[in-house]
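The values are calculated or read from the model by the stated rules, or taken from the named source; none is laboratory data. None of the values given here were measured: they were computed from a predicted structure. Glycine also receives a Cβ, built like all others from the backbone with ideal geometry; neighbour counts cover every protein chain displayed. The accessibility values were calculated without ligands, DNA or RNA, using every heavy atom of the protein model including side chains. Shrake-Rupley method; radii C 1.70, N 1.55, O 1.52, S 1.80 Å.
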Amino acid sequence: FKKAVGKTIKEYQSLLRLHKAEQLLTETDLPIAEIAQMTGFSDVFYFSKIFHREKGCAPRDYRKTYVPGI
């Protein structure tokens, strides 16, 4: 898998979960805790930590700065 995709299965799975979380943050007004749960993170604090590490900002800040159409 790593040879074909360039990431381990766990890294790829995390990437997919974060991509879905980004989508939910920008397209819905669901609470962040619910988005974390919907994307497979059982702990909202862990979700926030991973999101911040990968995206450079907290989920709440990501949602605030997102502007549709740009």
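Pick from 25, 15, 30: which is under 11 Å from the mean Cα position of the chain (by Cα) and without any contact (Cβ under 8 Å) to a residue 40 or more places away in the chain? Working first, answer last.
Values: 25 fails: without any contact (Cβ under 8 Å) to a residue 40 or more places away in the chain; 30 fails: under 11 Å from the mean Cα position of the chain (by Cα).
Exactly one residue qualifies, and that residue is 15.
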Restricting the range 1-26 to residues that are within 17 Å of residue 61 (Cβ to Cβ) and not small (Gly, Ala, Ser), the residue that is modelled with the lowest pLDDT: 26
Residue satisfying all of: in the range 2-38; of a type in the set (Gly, Ala, Ser) and in a helix (DSSP H, G or I); most open to solvent (accessible area, probe 1.4 Å) among these: 4
Conditions (1) in contact with a helix residue (DSSP H, G or I) (Cβ under 7 Å, 6 or more places away or on another chain); (2) outside any helix (DSSP H, G or I); (3) open to solvent by 60 Å² or more (accessible area, probe 1.4 Å): number failed by residue 41: (3)
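I'd like the residue in the range 44-67 that is under 20 Å from residue 11 (Cα atoms) and of a type in the set (Ser, Thr, Tyr) and, out of all such residues, is least open to solvent (accessible area, probe 1.4 Å). Spell out the reasoning first.
Filtering the range 44-67 for residues under 20 Å from residue 11 (Cα atoms) gives 44-59.
Now drop any that are not of a type in the set (Ser, Thr, Tyr), which leaves 46, 48.
Numbers: 46: 116, 48: 37 Å².
So the residue we want is 48.
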